[in-house]
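All remarks here apply to the structure that follows.
The values are calculated or read from the model by the stated rules, or taken from the named source; none is laboratory data. All values reported here derive from a predicted model rather than from experimental measurement. Positions of Cβ are generated from backbone atoms using ideal geometry, with glycine treated the same way; all protein chains shown enter the neighbour counts. Heads up: the accessible areas ignore ligands, DNA and RNA and are worked out on the full protein's heavy atoms, side chains in. Shrake-Rupley method; radii C 1.70, N 1.55, O 1.52, S 1.80 Å.
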Amino acid sequence: MTAPATSVLDCRGLASPLPAVRLAKAIKTMAIGGIIELFTTDRGSVEDIEAFEKQSGHKVIEQSERNGVYRFKVQRTR
Amino acid sequence: MTFAEQYRALFGRPWTVWAAGVLVATVNVFLFAFDRPWTASDGVRNWGDWVLTGVGVVNRPDLIAPWLYSGSLLNIGVLLGGLTAALLAQEFAIRVPPRGELVKGGVGGLMLGLGAMLALGCNVGGFFSATSALSLSGLGMMLGLFAGAAIGLRYLLWETQHRPQWSGGAGRVLGRGAGDRPSRQPVAGALALVALVALAFAYGRLGYGPQGVFLLFGVAFGVIFQRSRFCLVRAFREPFMTGDGEHTRAAALAVVISMLGFTILKFTDLKDKGEWVFPSAGAGAVLGGLVFGVGMVLAGGCGAGAIWRAGEGQVKLWAAIACFALGASLTRLVLVQTGLQGKLGPAVFLPAWLGWGGAVLLVVAVMAAWAAFATWNEATQTFTML
């Protein structure tokens, strides 16, 4: 089984709501099962992305933080 | 709970948005009881006036220095409170955005200044506090903010789609430790807290006691907002973005609590009925709210949010505040010189029209409708643009 395609979205330096807006736009370009790996330095965007997950149904399969950079792996589910 | 566990509860985990709403409302009532309600635009305009007076553009013989003016000290407190809370939670870092983001911060800031002068207050003073004071202008500004936030978000979606280079480029984060745990920030935060309290006492010793109190009120707001990241921009914008309604509901509750407190102060004649009832309950409030609403989405912060986020190290908001200050000062100058200042709308104290019960009920009904809209929209995703 091949691993699902992953696209990287570098949103470091961008403030809310741009990272979530970019994520929403990018995830539509992926096939179902595809993954967006997003990097953001904005703490406000963490909540934007969590709200996006809750409302859109797409899944945050991984979430971590290192040195002020937040990393999300979001999978398109539908 | 051990001391360490309590520290982690306060500064290791975020405060809930509901707790923040209740606290902000309560502190605002305390502040009004002490002297006057909370607003940010008043202090920001003071900063703009100060700079422009220095270069001879503005002439205000009654101008009070920023380190002595109540509105300015409230804002300084919010900024330093945001900084202190961020340090204690190890969340401080200087975040430099790419150029296009700085431009949006600046343009957004100018709109915050323009909108606040038209409505005679920012979203804090012109909507939150004005509605609490039963001023019709507060509801007018709310209408404008509601539409403005939607328009601002629509613009951002357009820009992301058609001009992605306007937010492209790298940003930089400075001030984080090389290792995984920057551990000196809490010490700096504790020192900052001690320094702030000492500063308030110093004001007292110099005969400026109230000034020190305004500073501490600001610090309280700054800490509450930074810890919870409760966001009034989100309250207006989020129903149109992800559809999440939490901040909207918390904001609606905050307005109701603050309004009840203000009403008691006015009803018992502890405060004058006309206080914070702005002569802008017409085009001024609605148009001002509209412009302010677009600006706050572009800038990434409102009257409160721009300031505490600046304290957290977000450089985009430094640009926003600078332009907010200049925009407010210049707008006020133009409004006064063209005579438009008197044409923003009437000053309407709602109980004069509807009686005390009617006025209170109207504000509660509007806030309940706002919260209900957010909840319904959250379930049906009717107005979400994302």
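Observations on the model:
- The mean accessible area for residues of chain B, using a 1.4 Å probe and ignoring ligands and nucleic acids, is 39 Å² per residue.
- Contact order, relative form, for segment B:150-298: 29 percent (alpha carbon pairs under 8 Å, 6 or more residues apart, mean separation divided by residue count).
- Summed over the residues of chain A and divided among them, the accessible surface reaches 46 Å² per residue at a probe radius of 1.4 Å.
- Its relative contact order, with pairs defined as Cα atoms under 8 Å and 6+ residues apart, puts chain B at 34 percent.
- Taking the protein heavy atoms of chain B in the context of the full set of protein chains, the accessible area attributed to carbon and sulfur is 70 percent at 1.4 Å.
- With 10 Å² as the minimum drop in accessible area between chain alone and full protein complex (1.4 Å probe), the qualifying residues in segment B:95-124 are B:95, B:97, B:98, B:101.
- Local net charge near residue B:21, Cβ-Cβ under 14 Å (Lys/Arg +1, Asp/Glu -1): +3
- Point-charge dipole on Cβ atoms (K/R +1, D/E -1) for chain B, about Cα centre, debye to 20: 620
- Nitroxide proxy distance, nm - points 7 Å out along Cα→Cβ at residue B:57 and residue B:379: 5.1
- Shape analysis of the protein assembly as shown based on the Cα gyration tensor places the equivalent ellipsoid semi-axes at 35, 26, 22 Å, largest first.
- Sorted from greatest to least, the principal axis extents spanned by the alpha carbons of segment B:212-254 come out as 40, 17, 12 Å.
- Taking amide H positions as modeled 1.01 Å from N, with prolines and chain starts lacking one, the residues under 5 Å from residue B:40 and 5 or more places away or on another chain are B:122, B:124, B:125.
- Its residues counted as N, segment B:267-386 yields a C-alpha radius of gyration over 2.2 N^0.38 Å of 1.35.
- In summary, segment B:1-139 shows an alpha-carbon radius of gyration equal to 1.25 times the 2.2 N^0.38 Å reference for compact globular proteins.
- Highest mean first, the peptides B:265-271, B:19-25 sorted by other C-beta atoms within 10 Å per residue fall in the order B:19-25, B:265-271.
- Taking the 1.4 Å solvent-accessible surface of chain A as the whole, the part contributed by carbon and sulfur is 51%.
- Radius, Kirkwood style, for segment B:1-44 when every pair of distinct Cα atoms is counted (Å): 12.6
- Listed residues A:74, B:328, B:110: farthest to the positive end of the dipole of the protein assembly as shown (Cβ charges): A:74
- The distance between label points at residue B:163 and residue B:19 comes to 4.1 nm (points 7 Å beyond Cα on the Cα→Cβ vector).
- Between chain A and chain B, roughly 2600 Å² of accessible surface gets buried, counting both sides and using a 1.4 Å probe.
- Estimated [θ] at 222 nm from DSSP helical runs (n ≥ 4, -39500 (n - 2.57)) normalised by residues in chain B, nearest 500: -23000 deg cm²/dmol
- Residue-span extension gain [residue A:65 to residue A:25] - 0.36 nm each, minus C-alpha spacing: 12.1 nm
- Here each label is just a point 7 Å from Cα along the line to Cβ, and for residue B:283 and residue A:8 those points are 5.4 nm apart.
- Each of B:49, B:42 has its accessible area taken with a 1.4 Å probe; listed largest first, they run B:42, B:49.
- Rg/Rh for chain B, where both radii come from Cα atoms and Rh is the Kirkwood radius: 0.96
- 0 to 90° range, to nearest 10: angle between helix A:18-27 axis and chain A longest Cα axis: 10
- When B:323, A:11 are compared by accessible area of protein heavy atoms, the largest-first order is B:323, A:11, using a 1.4 Å probe.
- Amide proton proximity set for residue B:314, modelled H, under 5 Å, gap of 5+: B:95
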